[in-house]
Amino acid sequence: MDRIGRIVARAGRFFLGSRREQTPAARHKARVMRIVALAILLLVVFLVGCCLGPYALQIGDVVKTLLGQGTYKSNMVIFDFRLPRLCLAILVGFGMGASGVIMQGLLHNDLASPGTLGVADGSSLFVTLYVALVSKQIDEPMLLPVLALIGGLISAGIIYLLGTKKGKPISSTKLIMTGVAMGACYGAVATFAMYVLDESQLEFIQRWQAGELWGTEWQYIRVLFIWLVVFGFFAVRNARILNAINLGYDIATGLGVNVKLAFSGLAFLAVGMSSASVAFGGNFFFLGLIGPHIARRIVGSDTRYLLPAAGVTSSVIIVAANILVENVEWFINIPTGIFVSILAVPYFLYLLMRAA
Amino acid sequence: MEHAIKTAHLAVGYDTVIIVPDFDIGFQKGKVTSIIGANGCGKSTVLKAIGRIIPSAGGTVIINDTDIARMKNKDIAMQMAILPQSPTAPGTLTCSELVSYGRFPYQKGFGRMSKEDKEIVDWALEVTNMGDFKNREIAYLSGGQRQRVWIAMALAQQTGIILLDEPTTYLDLCHQLEVLELLKELNEKQHTTIVMVLHDLNLASRYSDFLLAMQSGKVYAYGSPAQVFTPEMLKACFQIDGEIVQDPRSGKPLCLSYDLLRKA
């Protein structure tokens, strides 16, 4: 027991410990080490996820199968059942985590995320309306992220138009309030649209909204992967600008950032990443809140480290939640997104209590 | 006299309310100028409009003979640094990290610091007397030290002009003097043009080459402290009846005692 306690304490110091004074090189090294450690953690939960399930596998067999030396049965279990879901979960984690980092940075508010700003609701409304009005089912994988992106961009655009004024600097509070109000509005319309759905459509939409990780076909995963790589590339390239905006819009302006332009561009990237994740994974907006939050405590607020760290952290959370949902009898049939939300609530209450 | 900043018919305001209708002024190169005036007179507004933190509703701002409307944001940032009122930074940044943001307009791509960038950051920290704290996180600094780090960031921008909006707010007497001494020193050694908004009239008088007194969006008086800091100005701009004497140490005008003007 004592040993476990010591190990936990050491791990806590490794991830959360900070020193008052540290040279830039030492800080850089510590952050990179922490990101590497998070990535190893992700690898571990990924392998555990490969092992567990209705047909449990030994870790040795999993590694063998992944390296291409599996039996017919283990190949099927891994490549047809577990791997697609795990890959999707990891990608959704990255998308929501990175999107949350950008939104929180842009709005200087830890509660900003695709979910709280109504952007995810906008994406979700668009998909629902499409299923309800145009198509009985979605058979074109490219269509979903595009639909979700259009919905997300329209809603983000409306928020931006209503929440900013020409000839005035950006106010983050106003944008957040507008987002919350518009999100409620989209939610209401989406609920109303569900009345016209038949049973199978309704089932799909309901599970999708709850965060079901449904798009487990390789073609969907490929689309999401390429999508996130492209958007993520531009996000990382602009990390420096987000860092400057982190200091305040006034300071960023003084440093030579065209704040309104940078704001629109970065918001586009954030909406793009969250929309695609929402499209294939379902509603995981708590992930976009909690992932960046935890990651910030681990690597600090420098976006260049925070983007990858938040992506990996969110992936670890969603993969772990997915393992629990699939394997613990109590939780079976709870959609992963709902489960993540349930897990996130105590964390946020804890943060609130600490802040008070 | 050469002007570092010149404005012509500059108009600024929020929504439909014009706070400053027509502002024509030239700030002299290599000098310290303080803008003074009562709350709401438009002094911060003017400073922010010159620093393009708020958009202007009309008129032009010219820095070093170029209209800023025709300059890229980055190029402006290489000529003019702006320190807003009580800025806040993530407390987990170290001093040198914060100061390194001053190199932003000179950097490209991922923002790797060149050798020159690092030397300039170290220099800025030394000049502001923060060299010993360069690896310390901002959360562990005092208010005065924090303000000095922000000034160091502005210095790392290596601009000939620095605008400051009430740089001494929330600081105690000693730290107020420290900050103003630092600015004076920069002005003397680097010939930096400094334009700032100051609330404390006596400090403004003591540390400035020029005072600009504003009254409801307009220039009331502009000149040396001896010309501007007068009982008449106090009456017109602050509704104050003040006793002005000569500071025995600095020789500048000093407001010794003051009362509210009795409403007749």
- For the range B:188-264, please list each of the helices (runs of 4 or more DSSP H) lying entirely inside it that holds at least 1 residues being among the hydroxyl-bearing types (S, T, Y) and at pLDDT 95 or above. B:201-207
- How many of the residues making up the range B:48-60 are surrounded by fewer than 23 Cβ atoms within 10 Å (Cβ to Cβ), in contact (Cβ under 8 Å) with a residue 40 or more places away in the chain and either outside any loop (DSSP other than H, G, I, E, B) or on the phi > 0 side of the Ramachandran plot (or both)? 3
- Within the group B:D165, B:D172, which residue is open to solvent by 20 Å² or more (accessible area, probe 1.4 Å) and either free of Cβ contacts under 8 Å to residues at least 60 places away in the same chain or within 14 Å of chain A (Cβ to nearest Cβ) (or both)? B:D172
- Item | The listed residue being open to solvent by 10 Å² or more (accessible area, probe 1.4 Å), more than 10 Å from chain A (Cβ to nearest Cβ) and among the β-branched types (V, I, T), out of B:I68, B:I36 | B:I68
- Task: Only one of these is of a type outside the set (S, T, N, Q) and under 17 Å from the mean Cα position of the chain (by Cα): A:L352, A:L306. Name it.
- Result: A:L306
- Item | the range B:209-248 - residue that is in contact with a helix residue (DSSP H, G or I) (Cβ under 6 Å, 6 or more places away or on another chain) and in contact (Cβ under 8 Å) with a residue 60 or more places away in the chain and, of those, farthest from B:G42 (Cα to Cα) | B:L211
- For the range A:43-67, pairs from a residue that is closer than 25 Å to A:V312 by Cβ to a residue that is among the β-branched types (V, I, T) and loosely packed, with under 15 Cβ neighbours inside 10 Å, with Cβ under 7 Å and 6 or more apart or across chains, are A:L47/A:I59; A:C51/A:I59
- Subset of the range B:105-129 (residues that are surrounded by 22 or more Cβ atoms within 10 Å (Cβ to Cβ) and free of Cβ contacts under 8 Å to residues at least 40 places away in the same chain): B:V121, B:A124, B:L125
- Query: Within the group B:L93, B:L10, which residue is within 25 Å of B:T169 (Cα to Cα), hydrophobic (A, V, I, L, M, F, W, C) and buried (at least 20 other Cβ atoms within 10 Å of the Cβ)?
  - Reply: B:L93
- Task: Please tell me if A:I317 is at pLDDT 80 or above, among the β-branched types (V, I, T) and under 22 Å from A:I221 (Cα atoms).
- Result: yes
- Condition test on B:G102, is it modelled with pLDDT under 90, open to solvent by less than 40 Å² (accessible area, probe 1.4 Å) and within 27 Å of B:R52 (Cα to Cα)? no
- Note on the structure: Among helices (runs of 4 or more DSSP H) completely within the range A:232-310, the ones holding 3 or more residues that are more than 8 Å from every other protein chain (Cβ to nearest Cβ), more than 19 Å from A:T336 (Cβ to Cβ) and in contact (Cβ under 8 Å) with a residue 40 or more places away in the chain are A:259-281, A:285-299
- Whichever residue in the range B:73-90 is assigned to a helix (DSSP H, G or I) and buried (at least 21 other Cβ atoms within 10 Å of the Cβ) and, among such residues, is nearest to the other protein chains (Cβ to nearest Cβ): B:A77
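The values are calculated or read from the model by the stated rules, or taken from the named source; none is laboratory data. As the structure is a prediction and not an experimental result, all values here were calculated from the model. Using ideal geometry, Cβ is built from the backbone for each residue, glycine included, and neighbour counts are taken over all protein chains shown. SASA here: full protein model, heavy atoms, side chains in, ligands and nucleic acids out. Shrake-Rupley method; radii C 1.70, N 1.55, O 1.52, S 1.80 Å.
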